[in-house]
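Take a look at the structure set out below.
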Amino acid sequence: MPTASVASSREILTGLHDVMASKASAQAKLNKVVQIIADAMSSEVCSIYLLRDGLLELFATVGLRQTAVHVTKLALGEGLVGTIAQKVEVLNLAEAETHPEFAYRSETGEELFHSFAGVPIIRKERAIGVLAVQHAEPRAYDEVEIEALQTVAMVLSELIANAGLADKAASAADSTRDDGPVRLTGLRLVTGMARGHAVFHQPRILIEHTVAEDTEAERHRVYSAFRKMREQIENMTSVAEFGTAGEHHDILETYKMFAYDEGWSRRINEAIDSGLTAEAAIERVRQRMQMRMREIDDPLLRERMQDLDDLSNRLLRIVSGHLGTAAQMGLSGDAILIARNLGPAELLEYDRRRLKGVIVEEGSLTAHVTIVARAMGVPMLGRVRGVRQAIGEGDYVLLDGNEAAAFVRPTGPVEEAFKSKLALTQKRRAEFAAQRDLPPITTDGHRISVMVNAGLRDDAAALEAVGADGIGLFRTEFQFLISAGFPRRETQQRLYKSVLDAAGDKPVIFRTVDIGGDKALPYLDSADGEIEENPAMGWRALRLALDRDGLMKAQAHALLEAAAGRELNVMFPMISEPWEFDQAKAIVEHERGRLAARRKLLPSKVNYGAMLEVPALAETLDILLPNIDFLSIGTNDLTQFLFAADRANPKLAERYDWLSPAILRFLRRIVREAKAHHVPVGICGEMGGRTLEAIALIGIGLERFSITPVAVGPVKAMIRSLDRRAATAELDRLLEHPPADMRASLAHWAEREGVSTG
Ligand code: PEP
Ligand code: MG
């Protein structure tokens, strides 16, 4: 940051310091503040609007007509000022009139001015007012000026709160809260059902003093807070939860990277130079980052920024001595945790016996914290707008992760319905658990292989828990998605080895990375930075890996070393033509040759598999099959391509059925051809984890399933009650003359035959 900003912020703050300390009335102080800012920024106008009775009222101004003071009022969202307050964002406009929200107020006389810059005055994460400057000249304000305004806004927030001038942020929120029962919906991040009392993860720390008495003392406080935070993070590495799991290790690496980030500490230091207290400086930089974050489209980058926000909060707590999150204060009973968002490390600090569920305002399926919640087995609901307003601390909450809904302060009947659903799921789970050690054999004596899909080191534990035959799909890209940079070869190798160790003598099929497209990595510069219109059909998976073979070589090396002395199963995703398989295999073989030349211990055997998820490959199976050791059908991708229906589009989610004749006939053809070539064939898409679909798949000849761990119980129970011959005959019949509703027909048949579909 150029020194000019330091000078101007400092100059303003010195002026403000005297104003704040004076005995003048609050109104007189505001009048003085606008004058100081206008002078320092040489602006024709400087105005302060405060939220009073739900409206933004002009409280003080230089440059606008004084008769407009306490007369001009704007609703939230109205005009530029209303937009800033509603969105809690900065506006910086060379020509104010061109903004779509510009609203002209004749009483202010503002048509004389062109440029406009406004920042929100924030208290408890909400805008309680707006500070704006205007110039007659059309000019854009530079970063330095905006930062100076934001610094002043922080100080104003203290003045306004102390004087009780604006609506109190907390009480404004309270008054919008409906105290009756509420049903909230969101995005299902982790399935499951939970109930408990609402606990707010982080009551935001209120900054009491913003203007520093002694800048050097404040600098010292920040330095020592940084030291303490770094120490805390270093210590987390030695916590078993982090130390043993590869991905948690990677998350902490991201934390460390930020904790030692010089840019961040420098910005805080500069804010201190401008005259702020340590708390205000940290908060000031955090607010700025948050505003930036809202502008970022890239979800992965946003998640990284959230890690940084998480650390800002930690630093703020340390410096202000308010160390306790709800986790540190301890949970006193079954809790549903409420947060705007939280970091993975923070989630791990909770007592697992009492933490029953999590509801966040933000969140996404691939966020670090979601991955951790899944590993902890805690149901989680995300993207619940306004959750912190709708729920009060201590409210009773029922969380139905399966339905992606939460019931707040539920009525008796709602709670009864929830309880019986919960009891049912628990009973079913107990029944399935009891069958854990029973083999999945059909009633006519056919052994079906049931493996699980996994992606994190801890997932290997699911093998034992659910009694599966192995890991049929290990999505290696998960490790890439949760780390801050390419996981080093040694890090990859550590993960693969620990998964093999945990699996013991059960097989693990490692899929080479399926990144690119919608699983973009921020640290990988993709197709020359181009945004792909159809990422699922884009430069992803093997396509990317063959073009950037350094990635593939490193992964092959890591896999080969991890499986030294053991059997290694590798499969390649998104193969569209047989030669892609040949090339991929050649890369692994080449690495094997290099290791052999260095007399390294090699895997006892390497089996190579192909994923069939691109329809075109089905037409060249006669070329591919003789060269592969096994085939795995990825129906998640395959069916979206067959039906030209985006798998991520919720509007299409129920339009086409996996139990359609087109899909089942297509799959049957593949299965028959693979069997004719004596190549083992399995399925690893979500389809295989649904009982009716699994009946159909067995009926068309499939004998190998790799499914999500929670589905193992129901699918095993189905297999143990199914007569395979009868299923084959029924599927032959149904596919010969398909009924209009295959699903209904098959469900009817299963019921008649007494096949378990729960
Ligand atoms: C699939 O496409 O079916 C599959 C298993 O791979 P993913 O879901 O990881 O794309
Ligand atoms: Mg796929």
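So the values come out like this:
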| quantity | calculated |
| --- | --- |
| Relative contact order, percent, the chain [alpha-carbon distance under 8 Å, six or more residues apart] | 10 |
| Eligible lysines near K32 by straight Cα distance, threshold 18 Å, same-chain separation 8 or greater | K23 |
| Radius 14 Å from Cβ of G445, net charge of other residues (Lys, Arg +1; Asp, Glu -1) | +1 |
| Sequence-distant lysines (8 or more away, or on other chains) whose Cα lies within less than 21 Å of K427 | K356, K419, K716 |
| Length gained when the stretch D657-E415 is fully extended (0.36 nm per residue, less Cα-Cα span) | 83.8 nm |
| Residue-averaged [θ]222 nm for the chain, counting only DSSP H segments that reach four residues, each worth -39500 (n - 2.57) | -14500 deg cm²/dmol |
| Efficiency of FRET between R352 and R743 - r from beta-carbon atoms, R0 45 angstrom, step 0.05 | 0.70 |
| FRET efficiency, H677 to R489 (Cβ-Cβ, R0 41 Å, nearest 0.05) | 0.75 |
| Estimated vicinal HN-Hα couplings, Hz - segment 502-513 in sequence order (Karplus 6.51, -1.76, 1.60; Gly, Pro = x) | 5, 7, x, 8, 7, x, 10, 9, 8, 9, 5, 4 |
| Along each principal axis, Cα extent of the chain, largest first, Å | 91, 67, 49 |
| Segment 19-56: trypsin sites (Lys or Arg not before Pro) in DSSP coil with no more than 15 other Cβ atoms inside 10 Å | K23 |
| Filter on K256/K600; K421/K506; K506/K675 - keep pairs with C-alpha separation over 26 Å | K256/K600; K421/K506 |
| Cα centre as origin, Lys/Arg/Asp/Glu Cβ charges: the chain dipole, Debye | 2380 |
| FRET efficiency, 1/(1 + (r/R0)^6) with R0 35 Å, evaluated for E431 and D629 via beta carbons | 0.45 |
| Proximal lysines relative to K87, as straight alpha-carbon distance under 23 Å, when same-chain residues fewer than 8 apart are discounted | K73, K124, K168 |
| Difference of contour (0.36 nm per residue) and Cα-Cα distance, T14 to E262 | 86.6 nm |
| Inter-label distance for R599 and Y223, nm, one decimal - labels placed 7 Å from Cα along Cα-to-Cβ | 5.4 |
| Where labels lie 7 Å past Cα in the beta-carbon direction, separation of T443 and A644 in nm | 4.3 |
| For G377, net neighbour charge (Lys/Arg +1, Asp/Glu -1) across residues whose Cβ lies under 13 Å away | +3 |
| Length added when fully stretched, E216-R752, from 0.36 nm per residue minus Cα-Cα | 184.9 nm |
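Read-outs throughout are calculated quantities, based only on the coordinates presented, and are distinct from any laboratory measurement. The model shown is predicted, which means the values in this text are computed figures rather than measured ones. Here Cβ is always computed from backbone atoms with ideal geometry, including for glycine, and neighbour counts include all displayed protein chains.
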